[in-house]
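Have a look at the structure below, then the notes.
The values are calculated or read from the model by the stated rules, or taken from the named source; none is laboratory data. As the structure is a prediction and not an experimental result, all values here were calculated from the model. A quick note on method: Cβ atoms are made from the backbone with ideal geometry, for glycine too, and the neighbour counts reach across all protein chains shown. Please note that ligands, DNA and RNA were not included when accessible areas were found on the heavy atoms of the full protein model with its side chains. Shrake-Rupley method; radii C 1.70, N 1.55, O 1.52, S 1.80 Å.
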Amino acid sequence: MNESETTKTDPIQLSVVVPCYNEEEVLAQTTAALSQVLESMVAQGKISADSGVFYVDDGSKDKTWNLIKQTAHENKMIHGLKLSRNRGHQVALLAGLLNAPGDAIVSIDADLQDDVQAIEKMVDQFLAGSDIVYGVRSQRTTDTMFKRITARGFYQCLATMGVDIIYDHADFRLMSRRAIDALSQYSEANIFLRGMVPQIGFSHTIVYYERAERAAGESKYPLRKMLSFAIEGITSFSTKPLKWVGALGLLVCLLSFVLTGWVLFIRFFTDMSIPGWTSTIVPILFFSGVQLLCLSVLGIYLGKIYMEVKSRPRFFTDETV
Ligand code: UDP
Ligand code: MG
């Protein structure tokens, strides 16, 4: 207990994890901005001198990795890790979080859209006892109308599906060592950090910041990647779509029974039925209803298997006395 209290009063070791994919145009600016923030905090005695920036090169096709290596030689605060190939933003970020040293780790994009000044506020919150500090955008004025609408839809859709997610929080956040250790126990292959981190629990706070335009280079998230990211978020955290199919199955099944009654009524009590019509329509209605219902029962079990196969950790101990 005492030990953890002393680590919080001594300067802490901080790592800033930055995933990079083809970011040669902006990297020098990022290094300058981050080193300035870190050096100022070292001078104030908030973080120790062995704090640093941890770049993760996500299989870039340009000179990003060479630049990282070169900067690491010149500046002892800069470290790098290169992934074997492009694995996507989320995996690159996770690789950085699981490999960077430090009592606390901040993750931030390479393009300086997230305000680096907010890092100090995050560290202050950490020193005040928060395990996770979420960076949340105070407004979206720098976004296009399209991005604003799709982003709103994305967060709302996830919330409807029962995914615990922080509104307007991207992947700019601080995590304590024990939160990182908890995260490392998630063995799932489909990574959606925005859903995983709130699941960990522990104490958390929010730091608001204004989001800027990309400093240089262009977005690595075209619409196609945004859509697959949203689908990943939903299907990695929710089995609700399966349950909805189940509800639909039940509905269609009931409807088919009603329609069967109607078809039989036409056959026996009116003279409107064509020969062969009843014997064709009744089985179609009946079996399609039963099939959908059975399919939905399968879906429920499939959903359970899916959640089990993830073998997620069931709890983390917050404190012991
Ligand atoms: N990124 C990555 N791998 C990828 C795509 C993106 O590591 O396959 C990184 C990228 O270098 C940046 C961050 O993820 O640091 C966010 O990407 P970007 O700024 O292009 O996304 P946007 O802000 O446009 O949503
Ligand atoms: Mg960006």
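For (1) open to solvent by less than 70 Å² (accessible area, probe 1.4 Å); (2) within 16 Å of ligand 2 (Cβ to nearest atom); (3) closer than 21 Å to Val290 by Cβ, each residue gets a yes or a no:
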{"site": "Leu223", "(1), (2), (3)": "no, yes, no"}
{"site": "Val258", "(1), (2), (3)": "no, no, yes"}
{"site": "Arg267", "(1), (2), (3)": "no, no, yes"}
{"site": "Met272", "(1), (2), (3)": "no, no, no"}
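Can you tell me which residues in the range 23-37 are in contact with a Ser or Thr (Cβ under 6 Å, 6 or more places away or on another chain) and within 12 Å of ligand 2 (Cβ to nearest atom)?
Answer for the range 23-37, where residues must be in contact with a Ser or Thr (Cβ under 6 Å, 6 or more places away or on another chain) and within 12 Å of ligand 2 (Cβ to nearest atom): just Glu23.
Take the residues of the range 187-214 that are surrounded by fewer than 16 Cβ atoms within 10 Å (Cβ to Cβ) and aliphatic (A, V, I, L, M): which is farthest from ligand 1 (Cβ to nearest atom)?
Ala189
Restrict the check to the range 237-249 and report whether at least one residue is of a type in the set (D, E, K, R), under 23 Å from Phe286 (Cα atoms) and away from ligand 1 (no atom under 16 Å from the Cβ).
Yes, the conditions are met somewhere in the range 237-249.
For the range 71-109, how many residues are within 16 Å of ligand 2 (Cβ to nearest atom), among the small types (Gly, Ala, Ser) and modelled with pLDDT of 95 or more?
Result for the range 71-109: 1.
Select the strands (runs of 3 or more DSSP E) contained entirely in the range 26-113, then report the ones holding at least 3 residues which are out of contact with any helix residue (DSSP H, G or I) (no Cβ under 9 Å at 6 or more places or on another chain), within 16 Å of ligand 1 (Cβ to nearest atom) and open to solvent by 10 Å² or more (accessible area, probe 1.4 Å).
Here the list is empty.
What about Ser219, is it polar (S, T, N, Q), under 30 Å from Ala33 (Cα atoms) and surrounded by fewer than 17 Cβ atoms within 10 Å (Cβ to Cβ)?
So Ser219 fits the description; yes.
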